[in-house]
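Worksheet: the structure to be examined is printed underneath.
The values are calculated or read from the model by the stated rules, or taken from the named source; none is laboratory data. Model, not experiment: these values are computed from the prediction. So basically every Cβ, Gly included, is an ideal-geometry build from the backbone, and we count neighbours across all protein chains shown.
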Amino acid sequence: MTNYSDICIVGAGIGGLSCVSRLLNSAISKNLRIRVFDLDATVGGRIQSWKINGDEIAELGAARYSPQLHPHFQQLMQGSGLPHAIYPFTQAVFDDGVQEELKETLLSLSPMLKEHPNDSFLDFVSHYLGASEATRIIKATGYDALLLPIITAAMAYDIIKTHPETQDFTENAANQWLYATDGYSGLLGQLQRQAQAAGVEFRLEHRLLSVEKSGDDHVLSFSHMGDTQVHRARHLIMAVPPSAMARLNLDFPAAWSPFQYDFLPLFKGFLTFDEAWWQELGLTDKVLMADNPLRKIYFKSDKYLLFYTDSKSATYWRDSLELGEEVYLQRVRSHLEDVLPLNGQPLPPIKAHFYKHWPHGVEFCLEPEAEHPTALLHQDGIIACSDAYTAHCAWMEGSLISARQASSLLLERLSQPAEASNDDDTFATLTTERA
Ligand SMILES: Cc1cc2nc3c(=O)[nH]c(=O)nc-3n(C[C@H](O)[C@H](O)[C@H](O)COP(=O)(O)OP(=O)(O)OC[C@H]3O[C@@H](n4cnc5c(N)ncnc54)[C@H](O)[C@@H]3O)c2cc1C
């Protein structure tokens, strides 16, 4: 039957592809028909590498990793043999004095964290410094999310500790950061080619609409180029983030976990110029923290300028684009001129630009302190994985940890005698694995 798979994986981001890779590494899945579906025309999901001027790579999604924080990803990169280099943006340029203030504030308030387990970061800092001082100092971190009511003080400290631009204020100051010089899409392409060589079939531009249980099988309906296609699978792994799970008829999250999930938008805007004028300003390979909607401005060697924003500022740039590209570019120029030491000179002409708004850029569990299972299991036996289920949400590392757990669960099931194979198909809270 051509529309039948033994194993079906929905989602061809790094999570789905590493599930496939782990299944293929096991003799148990030999001779099983595995298919991967994704709604996009290419694999990668939130990893998208973009070539500028034929050589330099710009990452529209995931860009950097730290061997100290992301050991599974580091191992994957090393195994791929793909080139990597030092990610330069661990040195941030702040307005006068704010850097020291931020460092001192974080250090002096950290012993009080225990007393405010449920307070937002803003309430926590406001408690000691007053609301306007707290807002000013938190804004200086460059991350809008740190001002949101859903971000607790403990979460905020963790975010500051685990981002290259802000780690300097914490005990993680010495962590190293790397990036894939040829782009992470090369890594994803490699995983896809290895899977195809082992007989795995990819069906791209297939959007999963619904899943029904039929006997031992799952019946999946996809929309593909205006048609509906039905596919049967004995086993199903959903490697899509929580926001995509919630759009299906799978009663997510209630039928999967007692936790709640949320997401935040991200936006990256890239600009190229005829000349790398920022070199004269001493900004090469530095990140400038801006107290305006540009938030964090990165000056990549002599190649391009990038601004990277989240939450409120990401929405500001999406709204600017909705008013037209001219409005967007005019705002970019004016905010750059506000924050750069250009001595009253206009910004040099922008040669080319591109951008990416990610409506669901970061996905996470709202109860970060909870012992969350690293993969979820539905009562119909469907397994789900996502970085959002791990302590490394918003990092490729989290996707790898979750995919590892999802594939282990499936391999365990496949290794059981046929008559017992349904025994574990009950709602279960799985063991946690935190790296
Ligand atoms: C702007 C940005 C910057 C980032 N920076 C970093 C970074 O520097 N370092 C880092 O480690 N991580 C970073 N991340 C996070 C990283 O990209 C993610 O953690 C990781 O790529 C998630 O992989 P995933 O496979 O779990 O999910 P995704 O990449 O989201 O893949 C899910 C796939 O499922 C598909 N899908 C969804 N719904 C359906 C459906 N109904 N039917 C079929 N297919 C469906 C999607 O098309 C997608 O391909 C960043 C993310 C963004 C957006």
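Only one of His378, His372, His392 is within 25 Å of Ser66 (Cβ to Cβ) and more than 13 Å from the ligand (Cβ to nearest atom); which?
Details: His378 fails: within 25 Å of Ser66 (Cβ to Cβ); His392 fails: more than 13 Å from the ligand (Cβ to nearest atom).
After applying the criteria, what remains is His372.
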Has region 62-80 got at least one residue that is buried (at least 16 other Cβ atoms within 10 Å of the Cβ) and among the basic types (Lys, Arg)? yes
Residue, surrounded by the most Cβ atoms within 10 Å (Cβ to Cβ), within region 395-405, restricted to residues that are more than 8 Å from the ligand (Cβ to nearest atom) and farther than 27 Å from Asp217 by Cβ: Ile401
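With respect to His231, determine if the residue is in contact with a Leu (Cβ under 6 Å, 6 or more places away or on another chain), in contact (Cβ under 8 Å) with a residue 24 or more places away in the chain, under 23 Å from Gly44 (Cβ atoms) and more than 10 Å from the ligand (Cβ to nearest atom).
Working: in contact with a Leu (Cβ under 6 Å, 6 or more places away or on another chain): yes; in contact (Cβ under 8 Å) with a residue 24 or more places away in the chain: yes; under 23 Å from Gly44 (Cβ atoms): yes; more than 10 Å from the ligand (Cβ to nearest atom): yes.
It is true that His231 is in contact with a Leu (Cβ under 6 Å, 6 or more places away or on another chain), in contact (Cβ under 8 Å) with a residue 24 or more places away in the chain, under 23 Å from Gly44 (Cβ atoms) and more than 10 Å from the ligand (Cβ to nearest atom).
With respect to Val211, determine if the residue is within 21 Å of the chain's Cα centre (by Cα) and either among the aliphatic types (A, V, I, L, M) or on the phi > 0 side of the Ramachandran plot (or both).
On the way: within 21 Å of the chain's Cα centre (by Cα): no; either among the aliphatic types (A, V, I, L, M) or on the phi > 0 side of the Ramachandran plot (or both): yes.
Spelling it out, it is not the case that Val211 is within 21 Å of the chain's Cα centre (by Cα) and either among the aliphatic types (A, V, I, L, M) or on the phi > 0 side of the Ramachandran plot (or both).
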State whether the residues of region 340-356 include one that is touching a Gly at 6+ places or on another chain (Cβ under 8 Å) and farther than 20 Å from Phe267 by Cβ. no
Among the numbered criteria (1) assigned to a strand (DSSP E or B); (2) within 19 Å of the chain's Cα centre (by Cα), which one does Leu236 miss? (2)
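This table checks each residue for (1) touching a strand residue (DSSP E or B) at 6+ places or on another chain (Cβ under 6 Å); (2) within 16 Å of the ligand (Cβ to nearest atom); (3) under 30 Å from Asp380 (Cβ atoms).
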residue: Arg247; (1), (2), (3): no, yes, yes
residue: Ile297; (1), (2), (3): yes, yes, no
residue: Arg318; (1), (2), (3): yes, yes, no
residue: Leu321; (1), (2), (3): no, yes, no
residue: Glu326; (1), (2), (3): no, no, no
residue: Gln330; (1), (2), (3): no, no, no
residue: Arg333; (1), (2), (3): no, no, no
residue: Leu340; (1), (2), (3): no, no, no
Any residue at all in region 5-24 that is away from the ligand (no atom under 12 Å from the Cβ), modelled with pLDDT of 95 or more, in a strand (DSSP E or B) and of a type in the set (Asp, Glu)? yes
Contact list please: Cβ distance under 7 Å, first residue in region 393-407 and β-branched (Val, Ile, Thr), second residue more than 9 Å from the ligand (Cβ to nearest atom), pairs at least six apart or on different chains. Ile401/His72; Ile401/Thr374; Ile401/Thr390; Ile401/Glu433; Ile401/Ala435
Which condition number does Gly45 fail, the rest of (1) touching a residue at least 60 places away in the same chain (Cβ under 8 Å); (2) surrounded by 22 or more Cβ atoms within 10 Å (Cβ to Cβ) being met? (1)
Within region 25-36, restricting to residues that are assigned to a strand (DSSP E or B) and in contact with a helix residue (DSSP H, G or I) (Cβ under 9 Å, 6 or more places away or on another chain), the one that is surrounded by the fewest Cβ atoms within 10 Å (Cβ to Cβ) is Ile34
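Within region 183-200, can one find any residue that is under 16 Å from Thr2 (Cα atoms), under 26 Å from the mean Cα position of the chain (by Cα) and part of a strand (DSSP E or B)?
Narrowing region 183-200 to residues under 16 Å from Thr2 (Cα atoms): 199-200.
Adding the requirement that they be under 26 Å from the mean Cα position of the chain (by Cα) leaves 200.
With the extra rule that they be part of a strand (DSSP E or B), the set shrinks to none.
The answer is no; no qualifying residue exists.
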Pairs, first touching a residue at least 40 places away in the same chain (Cβ under 8 Å) and of a type in the set (Lys, Arg) in region 8-25, second surrounded by fewer than 24 Cβ atoms within 10 Å (Cβ to Cβ) and outside any strand (DSSP E or B), C-beta under 8 Å, six or more apart: Arg22/Arg404; Arg22/Ser408; Arg22/Leu411
Among the residues of region 173-192, the number that are among the hydrophobic types (A, V, I, L, M, F, W, C) and surrounded by fewer than 17 Cβ atoms within 10 Å (Cβ to Cβ) is 2
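What number of residues within region 42-83 are over 19 Å from the mean Cα position of the chain (by Cα) and at pLDDT 95 or above?
Here is the first cut: in region 42-83, the residues over 19 Å from the mean Cα position of the chain (by Cα) are 51-56, 78-83.
Narrowing the set further to residues that are at pLDDT 95 or above leaves 78-83.
Total satisfying the criteria: 6.
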Go through region 39-86 and report how many residues are among the small types (Gly, Ala, Ser) and either more than 10 Å from the ligand (Cβ to nearest atom) or part of a strand (DSSP E or B) (or both). 8
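For region 321-342, which positions are surrounded by 14 or more Cβ atoms within 10 Å (Cβ to Cβ) and either basic (Lys, Arg) or out of contact with any helix residue (DSSP H, G or I) (no Cβ under 6 Å at 6 or more places or on another chain) (or both)?
Leu329, Arg331, Val332, Arg333, His335, Leu336, Val339, Leu340, Leu342
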By residue number, the members of region 251-279 that are of a type in the set (S, T, N, Q), surrounded by fewer than 20 Cβ atoms within 10 Å (Cβ to Cβ) and either part of a loop (DSSP other than H, G, I, E, B) or touching a residue at least 60 places away in the same chain (Cβ under 8 Å) (or both) are Gln260, Thr272
Go through region 65-85 and report how many residues are closer than 21 Å to Ala394 by Cα and aliphatic (A, V, I, L, M). 3
